[in-house]
Amino acid sequence: MKDQFPFAVARVTRRWRKLLDERLKDLGVTQARWTTMVYLQQGGEGLTQRELASLMAIENPTLVRLLDSLEQQHLIERRACPNDRRARRLHLTDPGREFMDVLSARANTLRDEMLDGISLDDIESSLKVFQKIMSNAEKQK
């Protein structure tokens, strides 16, 4: 049973992302782009590129390319950091906020469909298990 666990988690994660990606296809953003937008919104606007890269656990050059494309789509903007001229703070634009409203609505619908028939107690237990796994993973660093 234990040996199947990581593969089951990976399958669910891949399937969930694939379904959400299909539901967002008409918005013209790739999975990497909408994921970046989600992290930016959850991390709080005004993050630096370095802070966002750390939050996403990706390398800064990879993030820069994603941010360039999001900026070209007018979904985000980079603003100068008042206390550090080298740093740029990231903010959603009005179209970016509208995009996130649509993304959130579609993601919530998918979440409700995917969790249909699962009790709140089971969901809470699962979250506790994932939190413990993450805690154990942090010890491995």
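The values are calculated or read from the model by the stated rules, or taken from the named source; none is laboratory data. Only a predicted model underlies this, so the values are computations on that prediction, with no experimental measurement involved. Quick reminder, even Gly has a Cβ in these numbers, built from the backbone with ideal geometry, and neighbours come from all protein chains shown.
With the condition kept exactly as written, say whether any residue in the stretch 4-25 is over 30 Å from residue 126 (Cα atoms), modelled with pLDDT under 90 and loosely packed, with under 14 Cβ neighbours inside 10 Å. The answer is no; no qualifying residue exists.
Does the stretch 34-65 hold any residues that are in a helix (DSSP H, G or I), under 23 Å from residue 85 (Cβ atoms) and of a type in the set (A, V, I, L, M), and which are they? Answer for the stretch 34-65, where residues must be in a helix (DSSP H, G or I), under 23 Å from residue 85 (Cβ atoms) and of a type in the set (A, V, I, L, M): 40, 52, 53, 55, 63, 64. Filtering the stretch 98-141 to residues that are of a type in the set (S, T, N, Q) and over 16 Å from residue 19 (Cβ atoms) leaves 119, 125, 126, 131, 135, 136, 140.
Scanning the stretch 26-43 for residues that are surrounded by 11 or more Cβ atoms within 10 Å (Cβ to Cβ) and of a type outside the set (Ser, Thr, Tyr) returns 27, 29, 31, 32, 33, 34, 37, 38, 40, 41, 43.
Just so you know, in the stretch 31-64 the residues that are touching an Asp or Glu at 6+ places or on another chain (Cβ under 9 Å) and under 21 Å from residue 19 (Cα atoms) include one that is modelled with the lowest pLDDT, and it is 31.
Could you list, ordered by first residue, the pairs with Cβ atoms under 9 Å in which the first is in the stretch 21-35 and under 18 Å from residue 109 (Cβ atoms) and the second is at pLDDT below 90 and polar (S, T, N, Q), at least 6 apart or interchain? From the stretch 21-35, the pairs are 21/30; 21/31; 24/31. Residues that are without any contact (Cβ under 8 Å) to a residue 60 or more places away in the chain, surrounded by 10 or more Cβ atoms within 10 Å (Cβ to Cβ) and over 23 Å from residue 2 (Cα atoms) within the stretch 110-137 comprise just one, 111.
Look at residue 70 and say whether it is touching a residue at least 60 places away in the same chain (Cβ under 8 Å), surrounded by 13 or more Cβ atoms within 10 Å (Cβ to Cβ) and in a helix (DSSP H, G or I). Here the answer is no, as residue 70 does not meet what is asked. The numbered conditions (1) within 18 Å of the chain's Cα centre (by Cα); (2) under 30 Å from residue 130 (Cα atoms) are all true for residue 4 except (1). Only one of the numbered conditions (1) buried (at least 16 other Cβ atoms within 10 Å of the Cβ); (2) within 16 Å of the chain's Cα centre (by Cα) is not met by residue 89, and that is (2). Of the candidates 106, 111, 88, the single residue that is in contact with a Lys or Arg (Cβ under 6 Å, 6 or more places away or on another chain), basic (Lys, Arg) and in a helix (DSSP H, G or I) is 106. Looking at 79, 106, just one residue is over 25 Å from residue 6 (Cβ atoms), in contact with a helix residue (DSSP H, G or I) (Cβ under 7 Å, 6 or more places away or on another chain) and touching a residue at least 12 places away in the same chain (Cβ under 8 Å), and that residue is 106.
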